[in-house]
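Here's the structure we're looking at; comments come further down.
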Amino acid sequence: MFIHGNERDPALEAFRKEVREFCATHLPVQTRRKQALGQHIDREEYGAWLRQLGERGWLAGKWPKEHGGLDWSPEQYAVFSEELGRANAPAPVPFGVTMVGPVIYTFGTEEQKRRYLPGIARHDTWWCQGYSEPGAGSDLASLKTRAARDGDHYIVNGQKIWTSYAHWADMMFCLVRTDPDAKKQEGISFLLIDMKTPGLTVRPIIGITKGHHLNEVFFEDVRVPVENRVGEENKGWTYAKFLLGNERVGVADIGKFEGYLDSLRKLLNETEEDGAPLERSPEYQRKLAELEVSLETVKALAADQLAAARAQGSPSLMGAAALKIRSSEYQQAALQVIVDVLARNGLSYQTDALSPGWNGDLVGPEEMAGVLYEHLYRRAATIYGGSTEVQKNIIAKGALGL
Amino acid sequence: MPAFTADERTLLMESLDDFFSARYPFERFRKLSAREHPDGYGREEWAAYAELGWLGVALPERAGGSGGGLTELAIVMASAGRALAMEPLVSTLVMGAGAIERAGSATQQSLLAEIGRGALTISWCHTEPGAGYARAYVRTTASVTGDGFVLSGEKSFTLHAHNAERLLVSARLGGEDGPLALFVVPAESEGIHRKVASFLDGRRGAALTLRNVEVPAEALLGEASGGTVADRTELIESLIDRGALAVCAEAAGAMAAVTEQTVAYLKTREQFGQPLSRFQVLQHRMVDMSLSAEEARAATHSALNAHDGGDPDVRLKIWRAKVQTARSARFVGGQAIQLHGGMGMTDELAIGHYYKRLTVCEHLFGDGEWYLRQLAAGACAAA
């Protein structure tokens, strides 16, 4: 109960200012505008921004100095994420810096560190995550993609699904089954796979948004050098759990969430009902207040996570689960209210308007397409990164001893 | 007294569902909702609906219809919702035919037979920018000319306005403070600028700018008797109530379909060595979906009975049914995606499309929040 204090750290405030100024001076205006409208950003534009962060050393800021990082505290990382969100900057794609990078510097060989870490820290390499399969979603350990040893290679056969940005990626970190006879968690290995390897095919998955960032990846006799295995054979589940622990920290996108409320206030002011701005409606004022309360709570949960991480030296899986559940629910609730406001114009969904440079006739407010895209996309917020149901199981077992 | 007996209603529902399962599979929806499709709905299906008597199910017998009421139309809409049908049913049969039957002149009544034959589709063009869900906020004007009227104004994005043969347009006669009139405007009239787009659920519509659109005198709904034109505010409000209820029926059909599909999916999807349908948490969630869908259906049915029975509190029942349906649609649609996991987020599966249809239904003719606000303010006078 109420143990850890909230120390005001002037160095942290200075850092916050620094990040804010960096975004103001280095984030291209057109990128910021596209982000604000939810328009698509291509590989080059996204990569250019991440490379700028990499040059500053911030992309891998959370990493230990010995591996090319800046030894950021969890608070610094939170401030960094928040400010990027507030500035409408594209978020660092997590697969390299947050996921595989720490696995490599924790469990990898010196050669692997030398080969892969700099590219991750500078964003010279796009990474994607080969985890889920059609038959292995919530039950990831039941994955079937097979890696059979053949001399100094593994031959990989199988399929991954929900692979974000596989169509952009240079490399994939992939969980494979190296021992089909062992208990399921004990027969998994962690491989780094070059996306250009013959036999590897990427197929787009179109979402309910009509957008594309997810893919299926098929492996047909894909030869992966044994030296691309991280850690020991059949110990991959350990590394996977380590990675999932990192994935689930800082999942609350506070900067973006505050942005939702700013959008809502703006839209309430601009949207009329019976000739009067909707912001005058007591019902909408109340809805806004309720969202502000929920956001305050999410921020408090996130702050507690940071405090726990500071005190224990590692994130709390229970806290991470709670934060994930509530922040995803908040995200959906906020977007729903924004959609409700905009729906008065007629629910037009002009996906063309998400392509920058489109100059067709916009039906309704310019925010409409981006808001609807985001609303549809975040129906998955309670599914990806461990569904709410899985998170509740984690809490039930881990915190409530059930 | 109901126009159709229970047996006749059952027969109607069964023949609708048989038609839709045989001739309107999900792939048909996909084809009709594709950008490249010229119409955005099925003209052959529309012709089939006419032939099977469904377009005329609630038209008066004098117009070749079956004399059914809103309940019969609701049965059509529920089956259509189940199938994600794309055709302009509510706008033509509830709004268009409803307006013409109630207020059309003797000559205009002949349009009803055309509707029943499948020769005419109608788009409801009433809401304007700035109106929100307010029902009498109209700034479009209709000036009187020698042989008709000239319409000018803006209409918000509305279903089927991209290619309906007739646009049912509300406008204030003589100026911004004039009486509210309705016009049956031919689609090809000059001066109509359309911004065509798709709705969130794939159906098509348009936002309209009317710039000095000349229409003949006969376009005015009803007759101007002795130079005065009746103010149609009450009619419009009544039509919107009926449209809202018809959309509740459509949503009820969609919710039933989505609940069934979710149960079927969870029975086949295995994780942790067993079908997901064995997990009690998920079983209860499916029960919640089923209960919520049933609540919406029941509330809608109650309002339909009140409407067709001529009950004095019909407006109250319709508004409450709309609020209930909005709550249920949001919950059932959202859970359907959640319980399908990653698959529920794909364009490939039907479930996401049902979610989008339910979202559109929720907001047509007013959203749950608006109706609740009106109910709370006691704004519901006897219809």
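Nothing in this text is a laboratory measurement; each read-out follows from the coordinates by a stated rule. As the structure is a computational prediction, the values presented were derived from the model and not from experiment. Here the Cβ is made from the backbone with ideal geometry for all residues, glycine too, and neighbour counts use every protein chain on show.
The fraction of Cα-Cα pairs per 10 angstrom bin, counted from 0 for chain B, comes to 5, 23, 33, 25, 10, 3, 1, 0 percent, rounded to whole percents.
With a Förster radius of 35 Å, plug the Cβ-Cβ distance of A:Lys17 and A:Ala289 into 1/(1 + (r/R0)^6) and report the FRET value to the nearest 0.05.
FRET efficiency, A:Lys17 to A:Ala289: 0.75.
For segment B:1-135, the relative contact order works out to 26 percent when only alpha carbon pairs closer than 8 Å and six or more residues apart are counted.
Computed from the C-beta positions of B:Asp7 and A:Asp9 and an R0 of 56 Å, the FRET efficiency is 0.15 to the nearest 0.05. A straight Cα-to-Cα reach below 16 Å connects A:Lys266 with the lysines A:Lys256, A:Lys287, residues fewer than 8 places away in its own chain not being considered. When its C-alpha radius of gyration is set against 2.2 N^0.38 Å (N residues), segment A:142-298 gives a value of 1.55.
When the Cα atoms of segment B:57-97 are aligned to their principal axes, the ranges along those axes come out at 31, 17, 13 Å in descending order. The equivalent ellipsoid that matches the C-alpha gyration tensor of segment A:247-315 spans semi-axes of 35, 11, 6 angstrom, in descending order.
Over segment B:21-73, what number does the Rg to Rh ratio reach, with both radii from the alpha-carbon atoms and Rh per Kirkwood? The partial results should precede the final answer.
On the way: Rg = 13.9 Å, Rh = 12.5 Å.
Taking Rg over the Kirkwood Rh, I get 1.10.
Starting from the Cα of A:Glu110, move 7 Å in the Cα-to-Cβ direction to define the label point; list residues of segment A:62-96 whose amide nitrogen is under 15 Å from there. Output list for this probe position: A:67.
For the pair B:Glu223 and B:Val144 in one chain, pulling the backbone fully straight at 0.36 nm per residue adds 27.0 nm over the alpha carbon distance.
Using only the Cα atoms of segment A:174-260, construct the convex hull and provide its projected area averaged over every direction, in square nanometres to one decimal. Walk me through the numbers before you get to the answer.
Working: hull surface 33.2 nm².
With every direction weighted equally, the projected area is 8.3 nm².
On the principal axes of its alpha-carbon atoms, segment B:285-383 has extents of 47, 22, 20 Å, going from largest to smallest.
Share of pairwise Cα-Cα distances greater than 39 Å in the protein assembly as shown is 43 percent (whole percent). Other residues whose C-beta falls under 13 angstrom from the C-beta of B:Arg139 contribute a net charge of -4, scoring Lys and Arg +1 and Asp and Glu -1. What number do you get for segment B:120-215 when its Cα radius of gyration is normalised by 2.2 N^0.38 Å, N = residues? Against the empirical 2.2 N^0.38 Å value, I get 1.01 for segment B:120-215.
Electrostatic bookkeeping for B:Phe279 treats Lys and Arg as +1 and Asp and Glu as -1; over the other residues with beta carbon under 15 Å from its beta carbon, the sum is +2.
The mean of 1/r over all distinct Cα pairs in segment A:62-176, once inverted, gives the Kirkwood hydrodynamic radius of 15.9 Å. For segment A:110-227, a Kirkwood hydrodynamic radius built from all Cα pairs, placed in the Stokes-Einstein relation at 20 °C and 1.002 mPa s, yields a translational diffusion coefficient of 145 µm²/s.
Average projected area of the Cα convex hull of segment A:1-105, in nm²?
Values: hull surface 33.3 nm².
The directionally averaged projection comes out at 8.3 nm².
When the expected Rg is taken as 2.2 N^0.38 Å, what fraction or multiple of it is the alpha-carbon Rg of segment B:261-314?
Details: Rg = 17.6 Å, N = 54, 2.2 N^0.38 = 10.0 Å.
This ratio for segment B:261-314 stands at 1.76.
Sorted from greatest to least, the principal axis extents spanned by the alpha carbons of segment B:1-99 come out as 45, 28, 18 Å. The tail of the calculated P(r) for segment B:54-185 beyond 27 Å holds 23 percent of all Cα-Cα pairs.
Placing a pseudo-label 7 Å from each Cα along the Cα-to-Cβ vector at A:Ala91 and A:Ile41 gives an inter-label distance of 1.2 nm. With the charge dipole of segment B:43-182 set up from +1 on Lys and Arg Cβ and -1 on Asp and Glu Cβ about the Cα centre, the Cα lying farthest toward the positive end among the listed residues B:Ala47, B:Ser110, B:Leu93 is that of B:Leu93.
Relative intensity of segment B:132-289 on a log10 scale, I(q)/I(0) at q = 0.14 Å⁻¹, equals -0.77, per a Debye sum over C-alpha point scatterers of equal strength in the absence of solvent.
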